[in-house]
Amino acid sequence: MCGIVGIIGEQDVAPLLLEGLKRLEYRGYDSAGIASLSNGHIDRRRAQGKLVNLAEKVANNPVTGTVGIGHTRWATHGLPNERNAHPHATDKVAVVHNGIIENYAALKEELQGYGAKFETETDTEVIVHLVTYYLDQGQEPVAAANATMDRLTGAFALVMIFAGHHDLIVGCRQGTPLAVGYGDGEMFVASDSYALAPLTKKICFLEDGDRVTVTRDSVRIYDKDDKVIERDIRITKQSGAMTGKGEYRHYMLKEIYEQPAVIGATLSSYVNASTGKITIPDDVLDVMVKAPRITLIACGTAYYACMVAKYWLEQIARIPCEIDVASEFRYREAPMPEGGVSLFISQSGETLDTLEALRYCKRQGQVIISIVNAIESTIERESDFVLHTLAGPEIGVASTKAFTTQLTTLACITLAVAKAKGSIDDAKEHEMAEALRHVPTIAADILSHDEAILAIAKDVSEARDVLYLGRGSLYPIALEGALKLKEISYIHAEGYASGEMKHGPIALIDDSVPVVVVAPGNDPLFEKNVSNIQETVARGGKIFLISDEKGAKALKDQSTWSVAMGEVHPFVAPILYSIPVQLLSYHVAVIKGTDVDQPRNLAKSVTVE
């Protein structure tokens, strides 16, 4: 989950490392650090908290040198403090690490037996002591690094520099991403191509098991048996420009307001300009139409996109679907049908749980289709087919525009497959395609309710617990709303299918627990929602109704607060009703004074199990 960068060249390395870390801060911001070689010696600066703290420390106590490594941390082992911050080092080697060393406890005990003195609570520290042990045995740096890598188990990416060796960086990839950038008299290593975009356009992506030695003029990639491996060098499509907040107070708010535009851009990639029909690539359509079952797998917010897609694909396209949380899926050892399709969703394309589930499905002979937002990701490279959402860079940790563009892509897939299978006729296809076409305009109109939601957020911010309810394809939106509130405001929130309230959760209801209900008045299950709302009100619950004018009028007497939007087609309601729950979470978090874009304990790209 952490971000790592290594640079070797002719110019002062510290500013370049800090720039690379700034672009990697979405991977973690518990602490940060850099190390360089100065007159043959390892010189480190580390700081707890955001990268700005490290930058201030470097400004006050500069680091010199032309070779160095940097790290921004999402804590796994040990508290997020300066002592546990990377790079970890002895007087002979410095290491930055993304991932988890599963056998660190046994290695630590062994190394303590050799006299190693541990100063941190991290698993990473065993790496520097093990490399140092091999160096003390007379091995050269590359050999010592390789001997160390042979001993490690887990998922990890490592980058190392060595005292006295100003023209050497050693790295490896085992389960978590690492890319190499090629320059003229300089070379770069980083967790992803986005970090390298300002430095070079020539990128090589390492694969699992790859090791690499980098000098100013050469890159050597090899395996654990020292066999040289050729990896394609490609021209990255990443932009070197940093994304700014513009006029907005937070990235999250900017990204919420970008949704009409990015949903429109995503739709335009699937709409046939001459016919107005929704299309997806023929090869993707063919395998999905023939599939006996589609398995949808993701984590977090992307998993809720899978939940919505299950409703769509089963009800509209009439294809049996299963959905799974990626972190649990592969451990079930699920039997997969012959000719089955597995569909994976990930904003970053690097989510390790999702990637490992993908690999399981691949071993089971499934056709792999992935929906990703970030380009040039590991999930993209390991999939049979890839569909890109066009959300653009999403900086806020709590996903907003990536989620709605995922839903938009899934809606387009559903319509294309349903028509190809004959599950819907021309008239129904036209009706639903028209509903999709109008989503960007309606999304812009929904944003006009921002002030009304802000007023309600002031009351919600005082709650300790909040419940979210929805039915049918809006049940996942209730789950997503609760997740957003938890993520950025730190208020305990839970989402439920409305009909499940009477099976237990209603015991939580009193006048101190706001209940957010997502219930359009034209939804086929609206009357069922009304009954569930009445059950809640009868127990003293306070209802915040997110609906349309018809729904708000019908539930006027039951609602403490309400937001009445324009009428939307039930098919596209999950896309559009995501926006008000995002705004509610955002405003509650701002009122409570939390860090909206970088909430505590979270990271944007989850590359550890």
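The values are calculated or read from the model by the stated rules, or taken from the named source; none is laboratory data. As the structure is a computational prediction, the values presented were derived from the model and not from experiment. No Cβ is skipped: glycine too gets one built from the backbone with ideal geometry, and neighbour counts run over all protein chains shown. SASA here: full protein model, heavy atoms, side chains in, ligands and nucleic acids out. Shrake-Rupley method; radii C 1.70, N 1.55, O 1.52, S 1.80 Å.
Based on the Kirkwood approach, the hydrodynamic radius assigned to region 370-464 is 16.3 Å, with every pair of different Cα atoms included.
Checking the Cα-Cα distances for K290/K484; K237/K604; K254/K528; K528/K550; K310/K556; K50/K592 against a 27 Å cut-off, the pairs over it are K290/K484; K254/K528; K310/K556. Taking every protein chain into account, the accessible area of region 1-62 amounts to 37 square angstrom per residue (probe 1.4 Å). Taking every C-alpha pair closer than 8 Å and separated by at least 6 residues, the mean separation divided by the residue count of the chain gives a relative contact order of 12 percent.
Modelled label positions at A147 and S512, each set 7 Å beyond Cα in the direction of Cβ, lie 6.2 nm from each other.
Both numbers refer to the Cα atoms of region 155-279; Rg and Dmax are 19.8, 66 Å.
Per residue, the chain reaches -11500 deg cm²/dmol at 222 nm when only DSSP H runs of four or more residues are counted, each adding -39500 (n - 2.57). Would you work out which of L407, T560, A85 lies farthest towards the positive end of the dipole of the chain? Charges go on Cβ: Lys and Arg +1, Asp and Glu -1. Checking the options against the dipole of the chain, the answer is T560. When the inverse distances between all different Cα atoms of region 511-609 are averaged and flipped, the Kirkwood radius reads 15.2 angstrom.
Charge dipole (Cα centre; +1 on Lys/Arg Cβ, -1 on Asp/Glu Cβ; no other charges) of region 64-211 amounts to roughly 220 debye. For region 133-230, a crude dipole built from +1 on the beta carbon of Lys and Arg and -1 on the beta carbon of Asp and Glu, taken about the Cα centre, is about 160 debye to the nearest 20. For the chain, the equivalent ellipsoid derived from the alpha-carbon gyration tensor has semi-axes of 46, 27, 22 Å in decreasing order. Across region 219-271, the fraction of Cα-Cα pairs farther apart than 12 Å, rounded to a whole number, is 78%. The slack in the chain from D282 to E328, taken as 0.36 nm per residue of separation less the alpha-carbon distance, amounts to 13.4 nm. Within a straight-line Cα-Cα reach of under 17 Å, K108 can be paired with the following lysines, leaving aside sequence neighbours fewer than 8 residues apart in one chain: K117.
Computed from backbone phi, the HN-Hα couplings of region 337-347 come to x, 4, x, x, 10, 10, 10, 10, 10, 7, 4 Hz, rounded to whole numbers (Karplus: 6.51 cos²θ - 1.76 cosθ + 1.60, θ = phi - 60°; Gly and Pro given as x).
Calculated on the Cα set of region 88-152, radius of gyration then Dmax: 10.7, 28 Å. Modelled spin labels at D384 and E451, positioned 7 Å past Cα toward Cβ, are 5.3 nm from each other. Solvent-accessible area of the chain (1.4 angstrom probe, protein heavy atoms only): carbon and sulfur portion equals 48 percent. Amide H contacts of V325 (H built 1.01 Å from N, in plane; Pro and chain starts excluded): no residue 5 or more places away or on another chain comes under 5 Å.
Treating each Cα of region 436-486 as an identical point scatterer and summing with the Debye formula, the log10 of I(q)/I(0) at q = 0.15, 0.22, 0.31 Å⁻¹ comes to -0.58, -1.04, -1.06. Taking only complete DSSP H runs, can you tell me which helices of the chain stretch 24 Å or more along their own long axis by Cα positions and average at least 0.5 on the Kyte-Doolittle scale? Passing helices, by number: 401-421, 573-592. On a per residue basis, region 492-545 carries 42 Å² of accessible surface, using protein heavy atoms and a 1.4 Å probe. For the pair Q139 and K290, the difference between a 0.36 nm per residue extended length and the Cα-Cα distance amounts to 48.7 nm. A 1.4 Å probe run over region 81-191, with the rest of the protein chains in place, finds 34 Å² accessible per residue. Between D226 and D595, the modelled label-to-label distance comes to 4.5 nm, taking each label 7 Å out from Cα in the direction of the beta carbon.
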